[in-house]
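Let me begin by presenting the structure, written as structure tokens, before commenting on it.
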Amino acid sequence: MVNIKVEFLGGLDVVFEKKRTYDLSIPTDGVDSFTMKDLLDYLVSNMIKNPNDVEVFIEDDTVRPGIITLINDADWELEGELEYEIEDGDVISFTSTLHGG
Amino acid sequence: MSWAPPSDPVNNKSKPIKISQLCELCHCRKAILKRPKNLQKICKECFYYVFETEIHNTIVTNNLFQRGERVAVGASGGKDSTVLAHIMKLLNERHDYGIDITLLSVDEGIVGYRDDSLATVKRNQKQYGLPLEIVSFKELYNWTMDEIVATAGIRNSCTYCGVFRRQSLDRGAQKLNIHHVITGHNADDMAETVLMNILRGDVARLEKSTAIITQSSGSPIKRSKPFKYSYQKEIVLYAHYKKLDYFSTECTYAPEAFRGTARELMKNLEAVRPSCIIDIIHSGENLVLKEKEQRFKKLAPGQDPLTVNSGFIDGNRCERCGYLSSNKICKACMLLEGLEKNRATIILEKDSSVDGAARVMRTLEHLSF
């Protein structure tokens, strides 16, 4: 079980039932490591209600270009992207930059 | 619409920071982002400093402002203009530009979109303590965007909106007696525009599209883009870290399709090589048309073409509204004429179908038997 906070900002909340912040407790099936890759799989299969919305968030098995992913406020590029091992208390945020300013 | 700031991660972990994770500028704090421009890893404090200073340098090198000048910030409530208003106020105080800043917003009359984003602008006004002026399509043209879409259909909505909004900003500035409007166009927008102009072979626009200051011939109002070299990613991160209150919802009407294609291409290019945005701008700046004899035909011998651009020499005015136009009748008046012809002559009482027409259309699209 891993307890984290996930945020969908910059308009991304529309594909997550218009809610910006989620406190999640995700079962990890006894496996020790829960990576960003696992989190994305979890979000896609459990939290995006409309299958057509998946492509708004995911492209080529990773977060779509134009969406900024932060792990505890740090760009995930610096944290190992999909390989980052999530820990209890982490705050993961996804911010879309794709529409008008 | 209420607004909640993004959460602050609590750093309760005692994980040691590796030397390779340190900021490359101050070497003492943990880096939190890799700058797309140069792939430098820097910390939050250093990021604020370099981001703000780069914009300051852009302003100074291009002589954007004169002391005592009154400047209007085109404010939509979106991320770019919110950060722009914040940064301009900050830099004006820090570096004493001596400019007077006003927020200028255009209300296109799109229920469920612009009313919410204007609420954001009104909050910004209080947060930054800047005066705010709102000009509306309804007031200027007696049409709201919702009515226009109901009359002319959703397909051309961006054309109408773009033409009217551009003119509205000028008219709003004129009303306030301000001659300089700054907008939040960023490096990504500019690179997209360069790409779009190349893709559709619009040579005439290509040359002008990278100018930091633009002024239509004869127009008393100039426009400039202090964020010309600022990456969208950094603007969004700046807003995120500073917890600025901005509005982020896609316009309810059809997004501009061609720009969407260019944007997607840009984002994919950026993912491969982040510096490509600045590279495209640089290329755009250096693409200069070979001078044609004809282009300066109207000039008197020995006259410098540059002085003509800033004067009123070829400033033609629209016969109907007096707005600057290269034709007899300006684009806005032409669009209005078409609209008036099609306006419904009978108005239903308590008819609310016009408001948020796009929303209804979107809902209908998803219905099936």
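Bear in mind that the values in this text are calculations on the coordinates, not laboratory data. No experiment lies behind these values; they were computed from the predicted model shown. Ideal geometry is used to build each Cβ from the backbone, glycine not excepted, and the neighbour counts take in all protein chains shown.
Were the residues from residue B:142 through residue B:341 laid out at 0.36 nm apart, the gain over their Cα-Cα distance would be 70.2 nm.
List B:145, A:1, A:36 from most exposed to least, where exposure is judged by having the fewest other Cβ atoms within 10 Å. Spell out each step's value before the answer.
Values: B:145 26, A:1 10, A:36 22.
Taking fewest neighbouring Cβ atoms as first place, the list is A:1, A:36, B:145.
Per-residue ellipticity at 222 nm from helix content only, as computed over the protein assembly as shown with -39500 (n - 2.57) for each DSSP H run of at least four residues, stands at -11500 deg cm²/dmol. Peptide B:244-250 shows a mean partner chain C-beta count of 4 within 10 Å per residue C-beta. For the pair residue B:20 and residue A:19, a Förster radius of 41 Å applied to the C-beta separation gives a FRET efficiency near 0.65, rounded to the nearest 0.05. Pairs exceeding 20 Å between alpha-carbon atoms, taken from B:44/B:225; B:122/B:233; B:41/B:225; B:79/B:242; A:5/B:37: B:44/B:225; B:122/B:233; B:41/B:225; A:5/B:37. Equivalent-ellipsoid semi-axes for the protein assembly as shown (Cα gyration tensor, √(5λ), whole Å, largest first): 40, 29, 21. Here the spin labels are modelled as points 7 Å beyond Cα on the Cα-Cβ line, and at residue B:49 and residue A:33 they lie 3.6 nm apart. By the count of other C-beta atoms within 10 Å, a proxy for reagent exposure, A:33, B:76 are ordered fewest to most as A:33, B:76. Here the label points at residue A:87 and residue A:46, each 7 Å from Cα along the C-beta direction, are separated by 2.2 nm in the simple model. Within 10 Å of the Cβ of each residue in B:78-88, the mean number of Cβ atoms contributed by other protein chains is 2.
Taking K and R as +1 and D and E as -1, what net charge do the other residues with C-beta under 13 Å from the C-beta of residue A:95 add up to? List each step's numbers first, then the result.
Working: positive: A:20, A:64, B:79, B:233, B:243; negative: A:7, A:13, A:73, A:75, B:234.
Net charge around residue A:95: 0.
Once the Cα-Cα distance is subtracted from the 0.36 nm per residue extended length, the residue B:155 to residue B:290 segment shows a gain of 44.9 nm. Taking amide H positions as modeled 1.01 Å from N, with prolines and chain starts lacking one, the residues under 5 Å from residue B:107 and 5 or more places away or on another chain are B:135, B:136, B:137.
Just need log10 I(q)/I(0) for the stretch A:12-95 at q = 0.16, 0.22, 0.23 Å⁻¹, Debye formula, equal scatterers on the alpha-carbon atoms, no solvent, rounded to two decimals. Summing over Cα pairs of the stretch A:12-95 leads to -0.61, -1.23, -1.35.
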